[in-house]
Amino acid sequence: MQKMNSQTWKKVWPYAAAIGTLLLIWQITAFFSPPYLLPGVPAVLERLGAGITEPEFLTSLKESLFRLVVGYPSACLLGGLLGLLAGLSRGFAVYLRSLIAILQSIPPITWIPFLIILFGFGNVPIITVIIIASFFPMALSVMNATEGINRTHLEVAKVLGATKGQLLRKVYLPETLPSFITGAQVAFGNAWRSLIASEMVGGASSGLGFSIKFAGEVAQMTDVLMYIVIIGLIAAFFDHVILEWLKRRMLKWRYIGGAK
Amino acid sequence: MIMQTLEIQKVHKSFGSLKVLEDVSLTIEKGKFAAIVGPSGCGKSTLLRMVAGLERPDEGTVQADGKTIDHPSPRRMMIFQEHALYPWLTVGENVEMGLELAGISKEERRNRAQKVLKTVGLEGFYHYYPSQLSGGMRQRVSIARALVMDPDVLLLDEPYGALDAMTRLTMQNELLKIWEGSGKTMLLITHDIDEALYLADRIFVMSARPGKLVRTIDLDLPRPRNRHGQRIGELRQEIMQLLGLEE
Ligand SMILES: Nc1ncnc2c1ncn2[C@@H]1O[C@H](COP(=O)(O)OP(=O)(O)O)[C@@H](O)[C@H]1O
Ligand SMILES: [Mg+2]
């Protein structure tokens, strides 16, 4: 038990130190600035405590999370499927790489005006941007894993009598699962950033991105900082708690003690 | 008349411009233990993969019981050089893979897996992951994975090549126990001449570039054999000369 705690601590302390440094710089800067320009850490945390129960904030949060839980899993599914197909077919892989190269050279947020004209304000343009921004890390990660699949693992299954479908389910999927998860983690960062950015540039008149932009327009510095903190906290929670938990559950075999 | 289970006739095989096998013919009678020895790169694995149905000859025929082998079959199990266990499956799940693919019920799978795990001395390791086992234990699991299918033919591609000398000797004895009285046809590839002499009824000696069969040696010595017996010593020298390892 003691040992586990010290191991957890070893992993956590650099992260804690990074957060501490940022807060320290903020607090020192705040010390030399007038409070309306840059409120200190305690002031913002106090505002945060009160703010998270306000209905305005809760609606905003709900709207953003809704777009995330629709857009992000769709992107993962689409990316995973495309990646798997590309891993199996060389021709499709070349095609997919070109498509991704083109899409990557256009910042995803650029699609917002185009999508608003096409679909109107609301969830559709934002969710579409989330998908454009986050399907490709997934696709690339899964494609590379599928291409690099262990040939002997496939041959063992063939000798054991596997059909094509069984090869896919029993060898390709489990063997590429770690890269699905890596892809999903990278994709999450993209999804979150493009969600907030889309809301800020006017994809919709609700959501965390919209709220922070609004607070900025009325020069509410405390609210702006509160939203920055919240946006960071939510991302960290998804990445380090939910996705990490999922990873440990699905890749149990990777975390079992090594060879004796 | 003796039924001839494996028959390779006038087989040629190239990969691009690389000629790997040239005019190889050999026969292995049903229930016999055969071994192929030869230098690295002489096409031993390629030949074995043809018998497994994973590769096709350019010319010539590869047959089992008079039927051309053109795809893998659970009747012929191959044990690979690297143990090739699935790291994401437990020992039990690895062993049951073939049965699961064949749609056999969970209960029967489990019973059969437990039984073969006992045969290879891994009772109680059902829930372990391969990463928790030693090299020798992993190779035992991969033998169990093949045995559970109750194949007629076992094809072994340098199964003990990566193991230390002592484990190797133990595993050879275990393999003999599995084979004796089972009626299975064994084809073992090895670069260990002593291993072939200790185990096989018939040894095929191959030479490299392109791979050719240079001699077929029949040994009808009783088992267990004396690894240092006189006849074995003479045959060892003969094989070493054929392979150019000794004048
Ligand atoms: N699929 C393949 N494509 C191209 N070359 C191959 C392939 N399989 C084997 N070879 C080549 O054929 C030769 C014989 O290989 P192999 O049968 O594995 O020899 P051995 O098992 O006797 O060491 C080697 O030179 C190897 O590189
Ligand atoms: Mg080989």
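The values are calculated or read from the model by the stated rules, or taken from the named source; none is laboratory data. Bear in mind that the values here come from a model prediction, so they are computed numbers and not experimental data. Ideal geometry is used to build each Cβ from the backbone, glycine not excepted, and the neighbour counts take in all protein chains shown. Note: accessible area is taken over every heavy atom of the protein model, side chains too, but ligands, DNA and RNA are not part of it. Shrake-Rupley method; radii C 1.70, N 1.55, O 1.52, S 1.80 Å.
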When every residue in the range A:155-214 that is outside any helix (DSSP H, G or I) and within 14 Å of chain B (Cβ to nearest Cβ) is compared, the one most open to solvent (accessible area, probe 1.4 Å) is A:T163
Tell me the residue from B:V37, B:V11 that is more than 13 Å from ligand 2 (Cβ to nearest atom), crowded, with 18+ Cβ neighbours inside 10 Å and not basic (K, R), please. B:V11
Selection count, the range B:85-144, where residues are charged (D, E, K, R), under 18 Å from A:A162 (Cα atoms) and open to solvent by 30 Å² or more (accessible area, probe 1.4 Å): 4
I'd like the full set of residues that are in a loop (DSSP other than H, G, I, E, B) and more than 16 Å from ligand 1 (Cβ to nearest atom), limited to the range B:141-196. B:V148, B:M149, B:D150, B:P151, B:D152, B:L163, B:D164, B:E180, B:G181, B:S182, B:G183, B:K184
Could you list, in sequence order, the residues of the range B:52-62 that are within 11 Å of another protein chain (Cβ to nearest Cβ) and touching a residue at least 40 places away in the same chain (Cβ under 8 Å)? B:A52, B:E55
Residue check, B:P74 touching a residue at least 60 places away in the same chain (Cβ under 8 Å) and crowded, with 17+ Cβ neighbours inside 10 Å: yes
Looking at B:G211, is it under 18 Å from B:L6 (Cα atoms) and open to solvent by less than 80 Å² (accessible area, probe 1.4 Å)? no
Determine whether the range B:63-78 contains at least one residue that is in a helix (DSSP H, G or I) and either hydroxyl-bearing (S, T, Y) or more than 10 Å from every other protein chain (Cβ to nearest Cβ) (or both). no
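So that you can scan it fast, the table gives a plain yes or no per residue for (1) within 30 Å of B:S14 (Cβ to Cβ); (2) open to solvent by 50 Å² or more (accessible area, probe 1.4 Å):
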position	(1), (2)
B:E174	no, yes
B:A200	yes, no
B:P222	no, yes
B:L242	yes, yes
B:E246	no, yes
Condition first: aromatic (F, W, Y), surrounded by 10 or more Cβ atoms within 10 Å (Cβ to Cβ), modelled with pLDDT under 90 and under 30 Å from the mean Cα position of the chain (by Cα). Can you find one or more residues in the range A:15-28 that meet it? yes
